[in-house]
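The values are calculated or read from the model by the stated rules, or taken from the named source; none is laboratory data. Since the structure is predicted, the reported quantities are computational estimates derived from the model, not experimental observations. No Cβ is skipped: glycine too gets one built from the backbone with ideal geometry, and neighbour counts run over all protein chains shown. Heads up: the accessible areas ignore ligands, DNA and RNA and are worked out on the full protein's heavy atoms, side chains in. Shrake-Rupley method; radii C 1.70, N 1.55, O 1.52, S 1.80 Å.
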Amino acid sequence: MMSILGFLLALVVGVFVAPILGGLITGLDRRITARIQSRLGPPILQPFYDVAKLLGKEKLLNNSWQAFCAYVYLVAAATSVVLFFMQSDLLLIFFVQAVGAVFLVIGAMSVPSPYSQIGAQRELIQVLTYEPLLVLVLAGIYVHTGTFKISGIYALEEPMLLKLPLLFLVLGYALTIKLRKSPFDISASAHAHQEIVRGVYTEFSGPYLAILEIAHFYEVILILGLVSLFWSTSFVGMLVLVALTYLAEILVDNVSSRMTWRWMVTSAWAVGLTLTLINLLSLTM
Amino acid sequence: MQAILDFIKSSRIKSPWLMHFDCGSCNGCDIETLACLTPVYDVERFGIVNVGNPKHADILIVSGTVNHRNKKVLANLYEQMPHPKVVVAIGACGLSGGVFREAPNVVGGIDKVIPVDAYVPGCPPKPEAIIDGVVLGLQKFAEKSLA
Amino acid sequence: MHSTLMFILIVLPFLAAIACAVVPVKQVRSAVVVVTGALLVVASLLLIGKVPFETSFTSMAGLPLASMTQLADFLLLGFVLFLGWKHKHLGIKILAGAQLVILFALEAFMMDHHAASMAFVADPLSLTLVLIISIVGSIICIHAIPYMDNHEHHLHLTISRQPRFFAWLVVLLGTMNALVLTNDLLAFYFFFELTTLCSYMLIGHDGTEEATNNSVRALYLGSMGGLALLLGAVFFQNMLGSLEIQEIIKLAPSAGYAMLPMALLCVAAFVKSAQAPFQSWLLGAMVAPTPTSALLHSSTMVKAGVYLVLRMAPGFVDTTLSTYVALFGAFTFLATALLAVSQSNAKRILAYSTVSNLGLIIACAGINTPAATAAALFLIIFHAVSKALLFLCVGTIEQRIESRDIEDMHGLFVRMPVTASLAVIGVLTMILPPFGMLMGKWMAIESAAANVPVIMMLALGSAITLLYWARWAGLLMSHPLQGGVTPEVQPKLTKYPLVALCGGAVLLSLLSPWIYSALIVPMIDMVNLANPQAMFEAPYVTSKGMLGADSGVFPVAPLFLVLIVGMFLGLRVLKNAQGAREASIYLAGAQSRTAQTPDSFVGPVNQPVKVANANYYLTRLLPEGKVTCWVNTAAVLLALLLVVGGL
């Protein structure tokens, strides 16, 4: 009985609360970014206004497959968040989220527009860059806790961060790429740098762009959830860690210029693999 | 359901994404338009975001005279914007062709090619005037229902 | 009953091959192929209820099997020697000559022939392989019937060479079944050599210069594998006094130096599975007609290699050799995935991906825990089905668009909606949950997580795999919103195999928890029986369609529920999207406004210029030649380490 209740709770929180929270965090992100640039910035609720407006716009498509892909991206993102709240298998959650990443790329590639195509190729390279790092972080968690299940992490006596400090840095590196923040904002070109217009997002418009935005809200929650696991022993510690990490992401986003994909792959793998190796060896030795 | 529709309607005016197209301007108007986006004027306060893609845009800001070469481009961009959408013409050239209106290669103002909802006169207009024009455009934007 | 099943699985294909070769009537040949395929499917399904069992025959259908095999072995080697002489290939001559001498020495001086019978063991591992060979293999053979007609039509042949082609194709099915069922290492060696010969015959089928060269290379490298296998057999006979595979597995862990012949067997397996540095023969094999590639070079024959490693794996649990096998497999997985990135030729992508996945299976065999073994078995099953589907799709596409380059497949959905959709589903079953391949990979990563070098290579390799698959699936699907898609008519014998494989890939994934309890748990019990020291426990428990363990959980059935509900809603989204306004692509406003020139922009002199897009192949970062050079060097070193480490 308890487990059914738990399942329903995870379902409700995962499906309904998570995107709202994700939207608020995105709004906060824009606000803080504006403050860093000595502007006032939009209201916190701005992401919701944007999504609502997009939902009310005319449907404009190149092909219907695009709509399908956007929708699969949303479902995959939501499923992975629900699985996260059900304290399921981390590796599995990661693979489910990869379904969304793949379908975003496939959707963008289904349109012969050069901007969307190049965006898709770059997005694939971003996936290529962060995926091994995230898998290795999860492997490190397994080596430390003996399980890939999130419940295993909550059973720990002391925060994981103390044992896996380098892997936490790797996670941060990978998440900057996953969140498409500068210096790795190369596939979707947010903000003012628009040499490939909006990259993977270029050919999605109106309600379909709104779907992608909502999926992004889910992803923000998944990512921050992953970060929070590193201080699983106290709620306050969790909040502080998440807040600090996200602030660091925003700061990096604002102070760095964009790099090429070659630099991204080589630097991320060089730094990430070295740090992983050191941390994993120190755990297994 | 009605509440959601109302929220969508009220959100329209709070989230105008604008696209700026230089249709053969001398760049005077463009510099003033971009000035709106700087920290001094900070139009993101009102949810305004500058996008580079008509498919994401709600408001098309056009500066400069239309000529026979770029009128197709202007029409293409307008056509690729999803409804509802508004057009704001900026500067003397955008309004009527300006000093170039008699030139053989010039078609005239923006409204010769696409419907214009708000006109911002000036050569160039001040950023405050442009913001004012956008706000006027927004009111029309809110009135336009889904076509 | 056993003998009837064995007869159908092993001898019948040979008889069918003779019929194919002798009767020149197309209808008869097609009927023979279809009927043989159907019988194989039925026989292999009937085998499910019977395993495990051991049986041995002194004769089958009145023929003395064991002595016939011995004789055939010498004839086969003599034939290979002749081929070496015919192609003036010194390497083949030396390898075949050496094998003849060694085999003679082994047979004449080292073995006693009082028990001249042929022993077969059917356990869950061989059953799995038999099912793949008989079902997937038959489907491929049936697909080949219309394919070869088209193929010969393109080549403008006056005399059909199909009798020969189908004969060898069907022979392979019987050979493979015998190979996975036999319990005698020497018989295994014979069938191993016979698959090499099949490969040679089928690669060289078209008779072009390239085909001949590549077939000779396959024969050459295959003979290397044969030599390694034979040497291993000699050592085993010498050390353990037995060539029975089950005996070897039981005795090897406690016998000194038994890891050296084990390592030799592994090397033979690497050759057959085209692991680096031997991958060149498999890439060369892609010149052959697509059914050959599908049957021999992806879903069945190359599985003989991984089968050998998996079969022997209980014999080297917890040894240095096992560690090196895991390293070697993981390295090949990563290295060939890297090589696949730079390819735009669809068949080469499939070839590299095959090598890569076989590497992953070998890595699992090397990790050698129950969970890893389960992963290996899942990977074998699902790889066979999905890869066969993809090969057959590429073959069908190639005959229509006359190109294998994926860059020519942009927007293929418009021209071939059925085949393109099936190919996309095939790709998705290779890389995404909740499908079986991904579950196998999930198990592999979870069981390798504590092995630092292996997990690092698996993590990198799996990301690279995603890259080269996703970009292919992406470009197949572009199509206009309304109309424009031309309906596709396929011959029945093309359509049914494709649909069957596609349905199989999806359905088997759904059934994976049950496959686990029906095949993999008994297999782990068998391992315990063979090697009591191993004390393996079933790694996962299944409940409510979920695979769970302390280390992780894979909710297969719930994910499929999400998939089904999601698809149902997804189709509504698709339908809903039909009402959307059709937009042209964004080309900075410069798109051409006429319907005759879609996807074009107005270029110089007001002329429309079509937009051209291409994938990133990272050729500057990963040039194929240079990477191959590095990979081969590293692989040779690893293989040497493996043999030396065996000592």
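Quick notes on this one:
- Overall dimensions of chain C by Cα: Rg and Dmax, Å: 24.8, 89
- Net lengthening on full extension, C:Phe74/C:Val42 (0.36 nm per residue, minus Cα-Cα): 8.2 nm
- The packing ranking of peptides C:131-138, C:544-551, highest mean first, is C:131-138, C:544-551, where packing means the average number of other beta carbon atoms within 10 angstrom of each residue.
- Order of exposure, largest accessible area first, which applies to C:Leu641, A:Leu136 with probe 1.4 Å: C:Leu641, A:Leu136
- When only alpha carbons of the range C:1-310 are considered, Rg and Dmax amount to 18.7, 61 Å.
- 5 angstrom amide H check on C:Met118, placed H, neighbours 5+ away: C:Phe57, C:Thr58, C:Ala66
- Summed over qualifying helices (DSSP H, 4 residues or more, each -39500 (n - 2.57)) and divided by its residue number, chain C shows a 222 nm mean residue ellipticity of -22000 deg cm²/dmol.
- Chain C and chain A together bury an accessible surface of about 5800 square angstrom, both sides counted, with a 1.4 Å probe and no ligands or nucleic acids included.
- Close amide H pairs (under 5 Å, H built 1.01 Å from N) link C:Asp405 with C:Ala346, residues at least 5 positions away or on another chain.
- Projecting label points 7 angstrom from Cα along Cα→Cβ for C:Phe14 and C:Leu157 puts them 2.5 nm apart.
- Inter-chain Cβ neighbour count for B:65-73, averaged per residue, equals 2 (cutoff 10 Å, partner chain atoms only).
- Which listed pairs, of C:Lys387/C:Lys441; C:Lys387/C:Lys495; C:Lys93/C:Lys303; B:Lys144/C:Lys575, have C-alpha distances above 24 Å, in listed order: C:Lys93/C:Lys303; B:Lys144/C:Lys575
- When each of the peptides A:12-25, A:196-209, C:98-111, C:159-172 is scored by the mean number of other C-beta atoms lying within 10 Å of its residues, the order from highest to lowest reads A:196-209, C:159-172, A:12-25, C:98-111.
- DSSP beta bridges confined to the range B:2-143 are antiparallel in about 10 percent of cases.
- Label zone at C:Glu247 (point 7 Å along Cα-to-Cβ), backbone N below 18 Å, the range C:93-134: C:106-122
- Estimated FRET transfer efficiency when R0 is 35 angstrom, pair C:Phe568-A:Arg258 (beta carbons, to 0.05): 0.30
- Accessible-area ranking of C:Trp514, A:Trp263, largest first, probe 1.4 Å: C:Trp514, A:Trp263
- Computed extension length for C:Trp630-C:Val34: 210.0 nm, one decimal, from 0.36 nm per residue of separation with the Cα-Cα distance subtracted.
- Taken along the Cα-to-beta-carbon direction at a fixed 7 Å, the label points for A:Leu5 and A:Trp269 span 5.0 nm.
- In this structure, the amide hydrogen of B:Gly108, modeled 1.01 Å from its nitrogen in the peptide plane, lies closer than 5 angstrom to those of B:Val66, counting only residues at least 5 positions away or on a different chain.
- Alpha-carbon Rg with Dmax, taken over chain A, Å: 18.6, 60
- Taking every protein chain into account, the accessible area of the range B:79-147 amounts to 47 square angstrom per residue (probe 1.4 Å).
- In order along the range C:97-108, the Karplus-derived 3J(HN,Hα) couplings, from 6.51 cos²θ - 1.76 cosθ + 1.60 at θ = phi - 60°, round to x, 4, 5, 4, 4, 4, 4, 4, 4, 4, 5, 7 Hz, and Gly and Pro are given as x.
- Debye-sum result for the protein assembly as shown in log10 I(q)/I(0), which assumes one identical scatterer on each alpha carbon, at q = 0.08 Å⁻¹: -0.84
- Other residues whose C-beta falls under 15 angstrom from the C-beta of C:Gly137 contribute a net charge of +2, scoring Lys and Arg +1 and Asp and Glu -1.
- Gap separating the Cα centres of the range C:614-643 and the range B:13-39, nearest whole Å: 51 Å
- Percent carbon-and-sulfur accessible area, the protein assembly as shown, ignoring ligands, DNA and RNA, probe 1.4 Å: 68 percent
- Estimated FRET transfer efficiency (C:Thr594, C:Ser67; beta-carbon r; R0 60 Å; 0.05): 0.20
- Relative to the compact-globule estimate of 2.2 N^0.38 Å, the Cα radius of gyration of the range B:1-43 comes out at 1.71.
- Pairs of Lys in the range B:2-143 closer than 27 Å at Cα, counting only those 8 or more apart or on different chains: 25
- Counting Cβ atoms of other protein chains within 10 Å of each residue's Cβ and taking the mean over peptide A:39-47 gives 5.
- Here r is the Cβ-Cβ distance between C:Ala98 and C:Ala614 and R0 is 41 Å; the resulting FRET efficiency, rounded to 0.05, is 0.30.
- Inter-label distance, C:Lys88 to C:Asp405: 3.5 nm, where each label sits 7 Å from its Cα along the C-beta direction.
- Considering only alpha-carbon pairs that sit under 8 angstrom and 6 or more positions apart, the relative contact order computed for chain C is 14 percent.
- Between 0 and 90 degrees, the angle of helix C:209-240 with respect to the longest Cα principal axis of chain C falls at about 40 degrees.
- Binning the alpha carbon pair distances of the range A:141-234 at 10 angstrom intervals from zero yields the distribution 14, 36, 25, 18, 7, expressed in whole percent.
- Taking all protein chains together, A:Glu58, C:Glu624, C:Glu209 sort by accessible area into C:Glu209, C:Glu624, A:Glu58, largest first [probe 1.4 Å].
- The residues of the range C:113-165 expose, per residue, 36 Å² of accessible area to a 1.4 Å probe.
- Peptide A:98-110 - average C-beta neighbours from other chains (10 Å radius): 6
- Whole-Hz couplings from phi, Karplus 6.51/-1.76/1.60, listed for the range A:172-189; x for Gly and Pro: x, 4, 5, 5, 4, 6, 4, 7, 6, 9, 4, x, 10, 7, 9, 9, 10, 6
- Derived scalar couplings between HN and Hα for the range C:160-175 equal 5, 9, 5, x, 4, 4, 5, 4, 5, 4, 6, 4, 4, 4, x, 4 Hz in order, rounded to whole Hz, by the Karplus curve 6.51 cos²θ - 1.76 cosθ + 1.60 (θ = phi - 60°), x for Gly and Pro.
- Against chain A, whose longest principal axis comes from its Cα atoms, helix A:206-228 is set at around 10 degrees.
- Nearest 10 degrees, 0 to 90: helix A:18-36 Cα axis against chain A principal axis: 80 degrees
- Gyration tensor over alpha-carbon atoms, the range C:130-209, equivalent ellipsoid semi-axes in Å: 27, 15, 7
- Where Rh is the Kirkwood radius over Cα pairs, Rg/Rh for the range C:496-647: 1.19
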